[in-house]
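**Q** Let me give you the structure first, and then I'll get to my questions.
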Amino acid sequence: MTTPPLSIAFLLFPNVTQLDLTGPAQVLSRLGDARVDLVWKTRGPVMTDAGFAILPTATLAEVPHPDILCIPGGFGVNAVIADDEAMAWVAEA
């Protein structure tokens, strides 16, 4: 029986600081048998606080229980904390 890869999810949200997301994602992607997903409500582009977009690789529903959950910072952190759908996913994850 094979073991599934380690599931690592980064919560991607509007006005995230790109470096807070991609720096740790780069390091964790080197763990070996690991899958790193950038997760948001949809797979549409999500604008960063630097004014450019990042594409999610999965939706919240597609990654319900990651092994590792990372939540980066940015100007949008207060809005995502007030987002009931996003926080329900964080609580469940």
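The values are calculated or read from the model by the stated rules, or taken from the named source; none is laboratory data. Note that this is a predicted model, so its numbers are computed, not measured. Cβ sites come from the backbone with ideal geometry, for glycine too, and all protein chains shown count toward neighbours. To get the accessible areas, we keep the full protein, side chains included, count just its heavy atoms, and leave off ligands, DNA and RNA. Shrake-Rupley method; radii C 1.70, N 1.55, O 1.52, S 1.80 Å.
**Q** With +1 on each Lys and Arg Cβ and -1 on each Asp and Glu Cβ, and nothing else charged, work out how big the dipole of the chain is about its Cα centre, in Debye to the nearest 20.
**A** In total the dipole reaches around 260 debye.
**Q** Cα centroids of the range 1-15 and the range 44-73: how far apart, whole angstrom?
**A** Cα centroid of the range 1-15 versus Cα centroid of the range 44-73: 10 Å apart.
**Q** OK, next. Keeping every protein chain present and rolling a 1.4 Å probe, give me the accessible area per residue for the range 9-68 in Å².
**A** With all protein chains present, the range 9-68 gives 52 Å² per residue.
**Q** Another question about this same structure. Describe numerically, in nm with one decimal, the distance between label points set 7 Å from Cα along Cα→Cβ at E85 and at Q26.
**A** 3.1 nm
**Q** For helix 18-28, report the angle its Cα long axis makes with the longest principal axis of the Cα atoms of the chain; keep it between 0 and 90° and round to the nearest 10°.
**A** Rounded to the nearest ten degrees, it is 10.
**Q** Within the chain, what percent of beta bridges assigned by DSSP are antiparallel, to the nearest 5?
**A** About 20 percent, rounded to the nearest 5.
**Q** Going from most exposed to least, what order do F13, F75 have by accessible area with a 1.4 Å probe?
**A** The residues order as F75, F13, largest area first.
**Q** Hey, with R₀ at 30 Å, roughly what FRET efficiency would M1 and E92 work out to, going by the Cβ-Cβ distance, to 0.05?
**A** My answer for the efficiency is 0.70.
**Q** Moving on to the next point. Given a 1.4 angstrom probe, I'd like the percentage of the accessible area of the chain that is carbon and sulfur, rounded to a whole number.
**A** 60 percent
**Q** Report the relative contact order of the chain, percent, no decimals, based on alpha-carbon pairs under 8 angstrom and at least 6 residues apart.
**A** Relative contact order here is 36 percent.
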